[in-house]
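The values are calculated or read from the model by the stated rules, or taken from the named source; none is laboratory data. Because the structure is a prediction, the values reported are computed rather than measured. Note that each Cβ is placed from the backbone with ideal geometry, even for glycine, and that neighbours are counted across all protein chains shown.
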Amino acid sequence: MTNHVLFVGAGNMGSAIIKSYLKISGTSDVIHVIDPFVSDNTKDLLSECKFYESFTDLQDSIEFDTVVLAIKPQSFDEISRDLSNFITEKSLVISIMAGVETKRISNSLNKNAAVIRCMPNIAALVNRSVNVAYIAKDSNQSHKKRFENIFLSSGPIKWVNNEDLIHKTTALSGSGPAYFFLFIEALAKAGQNAGLSEEQAMDLSIDTLIGAAALIEQNRSPEKLRESVTSKGGTTAAALSVFMSNNNLDDLVSEALIAAEKRSREL
Ligand SMILES: NC(=O)c1ccc[n+]([C@@H]2O[C@H](COP(=O)([O-])OP(=O)(O)OC[C@H]3O[C@@H](n4cnc5c(N)ncnc54)[C@H](OP(=O)(O)O)[C@@H]3O)[C@@H](O)[C@H]2O)c1
């Protein structure tokens, strides 16, 4: 039996997830994509998919086994009535939208379909997302399998059993890549202020983060790694004492996560 999977939205995240799904699973599913403005480049990369500009272009007779909502949270109300015509109580709806709770999705679609909420991150572009996912306890195991079939290729799946945690993981791992990008920018700027060329400072900052990430992948204890490279009275200790004085960095990071979680609850 052929499964029909519909992606609503093929922007940054939607297209990254489809790409890894197609590349790794070699799926026999038929993948349909609705997005009003998909670039030609994305269409070329996802040439196996069927593209539509809006729900009105879809055949009325298709009922989707799985739907992935990869639109901005602000677009959900606009699409929910149209989408509800193409799903049944057997469908699985997967949402990666920040902030939108499963209850709101179920109520708007009004079809009793199973809903999984997932918070990936942009590293899905290189199959290194962290996909935090929530499904209601009474859900069918086959829904979990269907979800894993689509998402596992973009990165590991971490199930949580309390939906509220998704707001917190959105703040940590969903938005997290941008925090490291910002840190690289700051490091490079500081290097430039110290007299390095713009290119040197950026190159060194990026390669240092890549090296540190590789080390942390092998030895998952950042504290031990930090201690092992910090000699008493040395240069690293001098810099870390600035980051760590009065809990500066801890407090700042905590404040940032609280702001992101608050925003997730508002969406
Ligand atoms: N980016 C991240 O790092 C990240 C991480 C985790 C979760 N998320 C979540 O993933 C979702 C998508 O984010 P994104 O970064 O991929 O956003 P995006 O690049 O803006 O992608 C959203 C896509 O949906 C399209 N769209 C808008 N209205 C539509 C409609 N009515 N029907 C079909 N498609 C429509 C948009 O087209 P237009 O551009 O023409 O509007 C766009 O191509 C968001 O809910 C976000 O919270 C994002």
Practice task
Scan 184, 166 and give me the residue that is outside the structural domain of residue 95 (by TED's automatic domain parsing), closer than 25 Å to residue 128 by Cβ, touching a Cys at 6+ places or on another chain (Cβ under 9 Å) and not charged (D, E, K, R).
Solution key: 166
Practice task
Can you give me the ranges of the helices (runs of 4 or more DSSP H) entirely in region 1-115 with at least 1 residues that are under 21 Å from residue 146 (Cα atoms) and touching a strand residue (DSSP E or B) at 6+ places or on another chain (Cβ under 9 Å)?
Solution key: 12-25, 76-84, 102-109
Exercise for the section: Being farther than 30 Å from residue 99 by Cα, at pLDDT 95 or above, part of a helix (DSSP H, G or I) and among the hydroxyl-bearing types (Ser, Thr, Tyr) narrows it down to one of 230, 208, so name that one. Expected result: 208
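Quick check on region 34-90: of everything there that is among the hydrophobic types (A, V, I, L, M, F, W, C) and over 25 Å from residue 119 (Cβ atoms), which residue is farthest from the ligand (Cβ to nearest atom)?
Filtering region 34-90 down to residues among the hydrophobic types (A, V, I, L, M, F, W, C) leaves 34, 37-38, 45-46, 49, 51, 55, 58, 62, 64, 67-71, 76, 79, 83, 86-87.
Retained after the next criterion (residues that are over 25 Å from residue 119 (Cβ atoms)): 51, 55, 58, 62.
On the way: 51: 11, 55: 8, 58: 11, 62: 16 Å.
That would be 62.
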Handout entry: Restricting region 189-205 to residues that are of a type in the set (S, T, N, Q) and part of a helix (DSSP H, G or I), the residue that is farthest from residue 123 (Cα to Cα)
Key = 193
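Could you tell me whether region 173-181 includes any residue that is part of a helix (DSSP H, G or I), in contact with an Asp or Glu (Cβ under 6 Å, 6 or more places away or on another chain) and either closer than 25 Å to residue 250 by Cβ or among the aromatic types (Phe, Trp, Tyr) (or both)? Explain how you work it out, then say what you get.
In the first step, residues of region 173-181 are kept if they are part of a helix (DSSP H, G or I); the result is 173-174, 176-181.
From the residues that got through so far, the ones that are in contact with an Asp or Glu (Cβ under 6 Å, 6 or more places away or on another chain) too are none.
The answer is no, given that none of the residues of region 173-181 is part of a helix (DSSP H, G or I), in contact with an Asp or Glu (Cβ under 6 Å, 6 or more places away or on another chain) and either closer than 25 Å to residue 250 by Cβ or among the aromatic types (Phe, Trp, Tyr) (or both).
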Handout entry: Test: residue 94 is more than 10 Å from the ligand (Cβ to nearest atom), in the same structural domain as residue 133 (by TED's automatic domain parsing) and modelled with pLDDT of 95 or more
Key = yes
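Within region 130-145, identify whether any single residue is in the same structural domain as residue 252 (by TED's automatic domain parsing) and among the basic types (Lys, Arg), and answer yes or no.
The initial filter retains those residues of region 130-145 that are in the same structural domain as residue 252 (by TED's automatic domain parsing), namely none.
Taking every residue of region 130-145 in turn, none turns out to be in the same structural domain as residue 252 (by TED's automatic domain parsing) and among the basic types (Lys, Arg).
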Handout entry: Evaluation of residue 120 against (1) surrounded by 14 or more Cβ atoms within 10 Å (Cβ to Cβ); (2) farther than 17 Å from residue 18 by Cα (one fails), failing number
Key = (2)
Exercise for the section: Could you tell me whether any residue of region 182-202 is within 15 Å of the ligand (Cβ to nearest atom) and among the hydrophobic types (A, V, I, L, M, F, W, C)? Expected result: yes
